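What follows is a set of notes on a single structure, which appears directly below.
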């Protein structure tokens, strides 16, 4: 029911502030390495399908800008298993 000459719609949003929001956490494993060393140190990141492989495949070269760097392998999505190593240069 409105006032004469006015047509209006009123809607209300009810929010229960007493109920806390639910937080979620996801645990996942990401292929990557944590590299530590002096800034300026360069590493070549290599991978193989077994830890005792004779030949390792080059992925990238990384130069540390700080004492710690977390590197993630974005190319490993289709790989079933990879082992990594960082070779100092």
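The values are calculated or read from the model by the stated rules, or taken from the named source; none is laboratory data. As the structure is a computational prediction, the values presented were derived from the model and not from experiment. Counting neighbours? That spans all protein chains shown, and the Cβs are built from the backbone with ideal geometry, glycine included.
For this structure, a couple of remarks:
- The set of residues from region 45-82 being closer than 15 Å to residue 35 by Cα and surrounded by fewer than 16 Cβ atoms within 10 Å (Cβ to Cβ) comprises 60, 61, 63, 65, 66, 67, 68, 70, 72.
- Residues that are surrounded by fewer than 14 Cβ atoms within 10 Å (Cβ to Cβ) and either within 19 Å of residue 89 (Cβ to Cβ) or at pLDDT 85 or above (or both) do occur in region 27-36.
- Search result, residues across region 38-53 that are assigned to a loop (DSSP other than H, G, I, E, B) and on the phi < 0 side of the Ramachandran plot: 38, 39, 41, 49, 50, 51, 52, 53
- Output for region 61-74, where each listed residue is in contact (Cβ under 8 Å) with a residue 12 or more places away in the chain and out of contact with any strand residue (DSSP E or B) (no Cβ under 7 Å at 6 or more places or on another chain): 65, 66
- Residues of region 49-61 that turn out to be under 24 Å from the mean Cα position of the chain (by Cα) and at pLDDT 90 or above, as a count: 5
- Inter-residue pairs, beta-carbon under 7 Å, first without any contact (Cβ under 8 Å) to a residue 12 or more places away in the chain and in region 47-60, second part of a strand (DSSP E or B), 6+ apart: 57/46; 57/47; 57/48
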